[in-house]
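Before any comments, here is the structure.
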Amino acid sequence: MYDKDYIEKINEKKKDWEETTVKKVTSKYPERYEKFYTNSNQEVDRLYTESDIQDLDYLEDLGFPGQYPYTRGVQPTMYRGRLWTMRQYAGFGNAEESNKRYKYLLSQGQTGLSVAFDLPTQIGYDSDQPLSQGEVGKVGVAIDSLKDMELLFNGIPLDKVSTSMTINAPASVLLAMYIAVAEKQGVSPEKLSGTIQNDILKEYVARGTYIFPPQPSMRLITNIFEFCSANLPRWNTISISGYHIREAGATAIQEVAFTLANGIAYVEAAINAGLDVDEFAPRLSFFFNAHNDLLEEVAKFRAARRLWARIMKERFKAKKPKSLMLRFHTQTGGSTLTAQQPDNNIVRVTLQALAAVLGGTQSLHTNSRDEALALPSEDSVRIALRTQQIIAHESGVAETIDPLAGSYYVESLTNSIEQKAREYIEKIDQLGGSPKAIEKGYIQQEIQDSAYRYQMDIESGRRIVVGVNKFQIEEEPPKGLLKVDPEVGRKQEEQLKELKSSRDNLAVQEALKELEAKAKTDENVMPAVIKCVKCYATLGEICDTLRGVFGEYKASVII
Amino acid sequence: MTQTNTIRVLVAKPGLDGHDRGAKVIARALRDAGMEVIYTGLRQTPEQIVEAAIQEDVDAIGLSILSGAHNFLFPKVVELLKKEGADDILVIGGGVIPDEDIPGLKEAGIAEIFTPGTPTSRIVEFIKENVKH
Amino acid sequence: MDLIQSVLNGEKRGIAKMITLIEKNAPEAIEALKQIYQHTGKAAIIGITGPPGSGKSSLVNQLTKKIRSEDKKVGIIAIDPTSPFTGGALLGDRIRMQELALDQGVFIRSMGSRGALGGLSRASYDAAKVLDAAGMDYVIIETVGVGQSEIDIVKLADIVALVLIPGMGDEVQAIKAGVMEIGDVFVVNKADKDGANRVVTEIEMMLDLNTEKDAARPPVIKTIATTGEGIDELNEHIKKYWHQIANSNELAKRRKERIRSELISITEDHILNQILSDKSSKIDSMVKDIYEKKIDPYSAMELLIAPEK
Ligand SMILES: Nc1nc2c(ncn2[C@@H]2O[C@H](COP(=O)(O)OP(=O)(O)OP(=O)(O)O)[C@@H](O)[C@H]2O)c(=O)[nH]1
Ligand SMILES: [Mg+2]
């Protein structure tokens, strides 16, 4: 907080400056626009001063790294101690190919694995289902049974790597398979570290790979919380994701607001299921997007951290410091990449990665330049990883903690993002919480409106995207894009057939029956799921069993 | 009574990917351009799309895919339309589609492919100019 | 005519094409409607209306599944409002009926209200005639119960189901004011939510006040359209009601009313159109004369409709 008189004086002098010095220039050379906006449509002033952050209380609002309210970072030494985890999302085709890609990435200095699954896997269909046609192995690796999972991690010691799996609706099944593979390697569950995304709420609003209705989905999630807190203490049980909400068109403020609102819903569900907040909250993690508006993005990360700490403390009375910390993974914004002049994307990714690092991310995925065109090639993936390494080792931004703190503009943006996100959360509370707000279509509508406004701003030229609506050139179509082997689908089908004729089908039937029975009670389903995967029941069989009990979700379309 | 010629368009997402931002923005832009848009949502099979297009007697179908399954699913829709004798319906596609796939898709009967970055106004114009009334 | 035969055979393309002609106000539509008229009158026409998002489409979906299990064919017309500014519309009802998409005994058509004055109810009724002639046993028309023209449509149905939901507050009031009278069946959907029983009570109270002594009292049915709960009961009531009106002179009475208003409306339109197209220059000069007080509007009108000598 600042001295009132001094602030007065600054305001006076600023007014003076505007009326004399500035006016002299603007009367001859007007500014480029009448008003300026951030990427998220917040109005930006010409100049920020102490006056704009006069209510900021250093100790209360910023504090120190590793201390409440964690605005400046969750670890005491941040990147001076250890750099963020460089984690490239990868996985395509079949398990063997992906396994090769992982080994390559590990040999290149990557420090954690991140598994992408194909859409049939994400929606709980086997590769031989009619709806899977054309999709097998397309956006990630196809996993039909434990067999595929064994191949995927073949030769990778699971006690040595941390693995992040982008899996939501069938998260319990994939986690069960991971545990089973580890067991075969002789690695016990408590040694496993990694993350499952397991965030179903954002699937309903933004990403679309849901299976079951909200209620049983929330139950599966709390089952996982409970199971992991007893058996996999180092496992991050959920990655509450704003990434896809942003990709669907939300603003930075909406990204923070809707993600934390979902977070609140998970915490409430777990508490209602009888768990103690300090038991599971330390294992909650978050996943955000990084866009091009560098300073707004930095402010977004800082605001999210502060807001979450306050929510956990004030609303849920969490006590452990770890329960209050918003730890997050960041991925650069896929939707900001352009198909036009794709090499420009390297620069965009650099800005975005820088924002994530300046914002204090715990791990980072940098997109490859050709992602708007196809699956990334090996060259592009390497450049993307190198981008992180250059930021880490050459830019100097990792040498001190939260270097942008104290910037009038950044602190003022941090305040306004926290404030506006809070208002959204209040509105969502009034609607009965995030699941209700989703059911009413409120969140989808807000995102949809932002997405449409953004597109219209580009079309009207109010927003410039280099190479898309300005600075275009004639281009040769790009070459050397990666293609998924169209045979993958057929091969997976064959393997499935083989599996079904060689496994102990009686054991499978029994395990599935037991799962069905457990699903009908309110007991934890995890042990039954693990039993199923161990006798090689397929993902599709397991999910179908659950579909039979839980039903399937049908989205309402909000346009 | 005066005759009206409102263009009707079915916007559909075949395949399994849930990224419908583009499809929804386009649905809205087409509506704002005065068209009637029937939006059928996610996870549509080619069979469902074609059946809906016939019952709704649309002038055009807009398909959007981001998963990479376009080479299989787009031609399947056109093929089924032909089978039903409804190949006068204009079919356009969009999404993450590599340039090298475009000639093949056009040959299969997709009238135009719009890749990311295409202004919605171009899509509106294309439909207006190419639907058969 | 090919098209007619195709409609009468129940072929989807023919049905769809003919509805398009009707929507476009194409002259061929009238010729075609003349030809199919003899084949209409068999289907039971059910109107379903209620506030936005009350679950009408989900109910139509469930009800249709039920009716289909009795091996009857269903035609569905789902109407959404057209933007008065752009003329465009987003027609989103179909999405709730995806389960029916491939059922050969179901035909679903989405229509925009297209802003035609009074033309909406005509277009949707003409579309219903097409479905009727095509052999559908039921034709269900869904409209959003907000505007007068939408209410006009359902009023023309043989059976009207009004959908209400818990927690609507003012909207219940709005519904009460305009359309309570037209409901033959009341559906309280989203019965899984708090307050469903209160809505039922409110409706019952209203019915106590409004129902004439010996008139049949409309049933009030609780449903959960997302799970299908209460649909059996709804279906039973609709069937019962249908038998009741079909076996008394109630159905004939209703349909005659409908025919009367249809006849009046098409006559009105026809005359008006004729005058507008034949005498537009005369109207222009009359406007001028009326403005200059050379003649009053009523006398001008009399001149306008007087047969040409
Ligand atoms: N909880 C609950 N939700 C329902 C029920 N019936 C429908 N819904 C939900 O309500 C929303 C709207 O359903 P629709 O069937 O599209 O409603 P509608 O009245 O046709 O909507 P409009 O045509 O847009 O006016 C959807 O999200 C449905 O899933 C129900 O009985 N209970
Ligand atoms: Mg509806």
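The values are calculated or read from the model by the stated rules, or taken from the named source; none is laboratory data. If you're wondering where the values come from, they're calculated on a predicted model, not measured in any experiment. Backbone-built Cβ (ideal geometry, glycine too); neighbour counts: all protein chains shown. Accessible surface is based on the protein model in full, side chains and every heavy atom, while ligands, DNA and RNA are left aside. Shrake-Rupley method; radii C 1.70, N 1.55, O 1.52, S 1.80 Å.
Taking trypsin sites (Lys or Arg not before Pro) across segment A:1-103, the ones in a DSSP loop with at most 11 further Cβ atoms lying within 10 angstrom of their Cβ are A:R32, A:K35, A:R46, A:R82.
Using the alpha carbons alone, the radius of gyration of chain A stands to its Kirkwood radius in an Rg to Rh ratio of 0.98.
Summing Cβ point charges (Lys, Arg +1; Asp, Glu -1) relative to the Cα centre of chain C gives a dipole of roughly 460 debye. Placing +1 on the Cβ of every Lys and Arg and -1 on the Cβ of every Asp and Glu, with nothing else charged, gives segment A:63-440 a dipole about its Cα centre of roughly 1080 debye. Between 0 and 90 degrees, the angle of helix A:4-17 with respect to the longest Cα principal axis of chain A falls at about 70 degrees. GNM on chain C, C-alpha springs below 10 Å: top fluctuator among C:S58, C:S277, C:S113? In the Gaussian network model the winner is C:S277. Here C:T227 sits with roughly 90 square angstrom of accessible surface, probe radius 1.4 Å. Simple spin-label estimate for A:T111 and C:E236 gives 6.7 nm between the two label positions (7 Å along the Cα-to-Cβ direction from each Cα). Where the centroid of each part is defined by its Cα atoms, how far is segment C:252-272 from segment A:1-45 in Å? Centre-to-centre distance over Cα atoms comes out at 68 Å. Between B:Y39 and B:V11, C:L91, the built amide H atoms are under 5 Å apart, and every one of these is 5 or more places off in sequence or on another chain. For segment C:1-97, what does the alpha-carbon gyration tensor say about shape, rounded, prolate or oblate, given a ≥ b ≥ c as the root eigenvalues, a/c under 1.5 as rounded, and a/b over b/c as prolate? Oblate, since a/c reaches 1.5 and b/c is not below a/b. How large a share of the accessible area of segment C:40-247, in percent, is made up of carbon and sulfur atoms when the probe is 1.4 Å and the other protein chains stay in place? Answer for segment C:40-247 is 52 percent, counting heavy atoms of protein chains only. Taking a Cβ cut-off of under 12 Å around A:K35, the surrounding Lys, Arg, Asp and Glu residues balance to a net charge of -1, with basic ones at +1 and acidic ones at -1. For C:K24, the lysines whose Cα falls under 18 Å of its own Cα, not counting residues fewer than eight places away in the same chain, are B:K128, B:K132, C:K34, C:K129. I want to verify a result. In a Gaussian network model of chain C, Cα cutoff 10 Å, which of these has the top mean-square fluctuation: C:K155, C:K56, C:K17? Most flexible of the set in this elastic network: C:K17.
In degrees, nearest 10, range 0 to 90: what is the angle between the Cα axis of helix C:119-133 and the longest Cα principal axis of chain C? With both axes taken from Cα atoms, the answer is about 60 degrees. For A:K28, go through the aspartates and glutamates and keep the ones whose alpha-carbon is under 16 Å away, minus same-chain ones fewer than eight residues off. Within the straight-line limit of under 16 Å, A:K28 reaches these aspartates and glutamates: A:E18, A:E19.
Residue order by solvent-accessible surface for A:V347, A:V381 is A:V347, A:V381, largest first, with ligands and nucleic acids left out and a 1.4 Å probe.
In this entry, the protein assembly as shown is assigned a mean projected area of 49.4 nm², taken as a quarter of its C-alpha convex hull surface. The GluC sites (Glu not before Pro) of segment A:33-71 that meet both conditions, a loop assignment by DSSP and at most 12 other Cβ atoms within 10 Å of the site Cβ, are A:E34.
Can you give the relative contact order of chain A as a percent, counting alpha carbon pairs under 8 Å and 6+ residues apart? So the answer I get is 18 percent. Phi-derived couplings, Karplus 6.51 cos²θ - 1.76 cosθ + 1.60 at θ = phi - 60°, listed residue by residue for segment A:435-452: x, 5, 4, 5, 4, 6, x, 5, 5, 4, 5, 4, 5, 4, 5, 5, 4, 5 Hz, with x used for Gly and Pro. Over all other residues within a Cβ to Cβ distance under 15 Å of C:K256, the charged ones net out to +2, with Lys and Arg as +1 and Asp and Glu as -1. Summing Cβ point charges (Lys, Arg +1; Asp, Glu -1) relative to the Cα centre of the protein assembly as shown gives a dipole of roughly 840 debye. Taking the C-alpha atoms only, the angle from helix A:252-272 to the longest principal axis of chain A is near 50 degrees. Placing unit charges on each Cβ (+1 for Lys and Arg, -1 for Asp and Glu) gives segment C:40-247 a dipole about its Cα centre, and among C:I245, C:A101, C:P51 the Cα reaching farthest toward its positive end belongs to C:A101.
Only lysines eight or more places from C:K288 in sequence, or on another chain, were considered; those with a Cα closer than 20 Å are C:K279.
On the beta carbon distance between A:S395 and A:R462, with R0 = 30 Å, the FRET formula returns roughly 0.40. Distance between the modelled labels on A:K160 and A:E487, one decimal in nanometres: 3.1 nm (7 Å Cα→Cβ projection). When the square roots of the Cα gyration tensor eigenvalues are ordered a ≥ b ≥ c, the ratio a/c for segment A:77-121 is 1.5 or more and a/b does not exceed b/c, which makes its shape oblate. If you take the Cα centroid of segment C:22-52 and the Cα centroid of segment A:317-342, the two points sit 55 Å apart. For chain A, the per residue solvent-accessible surface stands at 41 Å², with DNA, RNA and ligands left out and a 1.4 Å probe.
Database remark: amide H of C:I141 closer than 5 angstrom to the amide H of C:I46, C:G47, C:I48, C:I77 (H placed geometrically; neighbours at sequence offset of 5 or more, or on other chains; Pro and chain starts carry no H).
Report summary: the helix-based calculation at 222 nm, which adds -39500 (n - 2.57) for every DSSP H run with n ≥ 4 and divides by the residues of chain C, gives -16500 deg cm²/dmol.
Sequentially through segment A:54-61, phi angles give Karplus couplings (6.51, -1.76, 1.60; θ = phi - 60°) of 5, 8, 5, 10, 3, 5, 7, 9 Hz, Gly and Pro residues having no value and appearing as x. Determine the total buried accessible area between chain A and chain B, counting protein heavy atoms only with a 1.4 Å probe; round to the nearest 100 Å². Using a 1.4 Å probe, the pair buries roughly 3100 Å².
Cut-off 10 angstrom, C-alpha nodes, Gaussian network model of chain C. Which of C:L90, C:L156, C:L234 fluctuates the most? It is C:L90.
Over chain A, dividing the summed -39,500 (n - 2.57) contributions of all DSSP H runs of at least 4 residues by the number of residues returns a 222 nm mean residue ellipticity of -14500 deg cm²/dmol. Taking every alpha-carbon pair under 8 Å whose residues sit at least 6 apart, chain C reaches a relative contact order of 19 percent. Across chain B, C-alpha contacts under 8 Å between residues 6 or more apart give a mean separation that, scaled by the residue count, equals a relative contact order of 26 percent. For trypsin sites (Lys or Arg not before Pro), the sites in segment A:267-318 that DSSP calls loop and that have at most 15 other Cβ atoms within 10 Å are A:K317.
Other residues whose C-beta falls under 12 angstrom from the C-beta of C:T20 contribute a net charge of -2, scoring Lys and Arg +1 and Asp and Glu -1.
Take the Cβ-Cβ distance between C:K279 and A:K497 as r, set R0 to 56 Å, and report the resulting FRET efficiency rounded to the nearest 0.05. With a Förster radius of 56 Å, E is 0.15.
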